[in-house]
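The values are calculated or read from the model by the stated rules, or taken from the named source; none is laboratory data. Just so it is clear, the model here is predicted, and its values are computed rather than measured. No Cβ is skipped: glycine too gets one built from the backbone with ideal geometry, and neighbour counts run over all protein chains shown.
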Amino acid sequence: MRTEPLLERKTVVKRANYLLALALLVGMVAFTGNGKVPAREEEKDSVGTLMKRKLAHSQKILEGLALNDFKAIAENAEGLIAVSKAAEWKVLKTPNYEIHSNDFRRNADDLIKAAKEKNIDRAALTYVELTLTCVKCHKHVREARWTSAD
C-alpha cells in the first residue's frame with residue numbers, strides 16, 4: 001500500500017515542527033542562564049540587548065518555517081549573522097567560544113541557502129542545528145564564567 005506524497009510531507013513537516021518547538025524550548029531554557037549577574041552592568045545591557053535581538057530573529061525564523069515563508073527565513077537568518085558580528089557578541093575569548101560562533105554563522109548561512117532553495121525540510125533541520133549551537137554556546141559561557149568566578 002503506497003502512502004500519498006502529501007501525507008508523507010505532512011508527517012515530515014509535523015515532525016520537523018515538533019523538533020523545532022522542542023529545540024526552541026531548550027534554547028529558551030538555556031537563554032535564561034543560571035541567574036548569575038554579569039561582572040559589569042554595561043556588559044549586561046549590551047549583551048542582553050543583543051541576545052534579545054537574536055531571540056527575535058530566531059522566533060521569526062520559526063514563524064517563517066511554520067508558514068512556509070522563505071523570505072522571512074532568509075532575512076532573519078541574515079539578521080542572526082549580523083548580530084553575531086557585533087562586538088558585544090564576543091563575550092569570551094576562548095577557542096571553544098570561537099568554534100560555537102563559527103558554527104552559529106555557518107548554520108545561519110546554511111539556513112539562508114535552504115530558504116533560497118525553498119527546501120522547507122532542510123531549513124527546518126538546519127534551524128534545529130542552529131538552536132542546538134546556541135544551547136551549547138550558552139552552556140560553555142555559563143561554565144567558563146562559573147570556573148572564572150571560583
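What the table shows:
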quantity: Near pairs, Cβ below 9 angstrom, 6+ apart or cross-chain, from region 116-133 (under 10 Å from residue 61 (Cβ atoms) and without any contact (Cβ under 8 Å) to a residue 24 or more places away in the chain) to any residue that is charged (D, E, K, R) and in a helix (DSSP H, G or I); calculated: 126/110; 126/113
quantity: Single match in 76, 119 (criterion: more than 27 Å from residue 143 (Cβ to Cβ), modelled with pLDDT of 95 or more and touching a His at 6+ places or on another chain (Cβ under 6 Å)); calculated: 76
quantity: Residues (surrounded by 15 or more Cβ atoms within 10 Å (Cβ to Cβ), touching a His at 6+ places or on another chain (Cβ under 9 Å) and in contact (Cβ under 8 Å) with a residue 40 or more places away in the chain) located in region 79-115; calculated: 80, 92, 97, 100
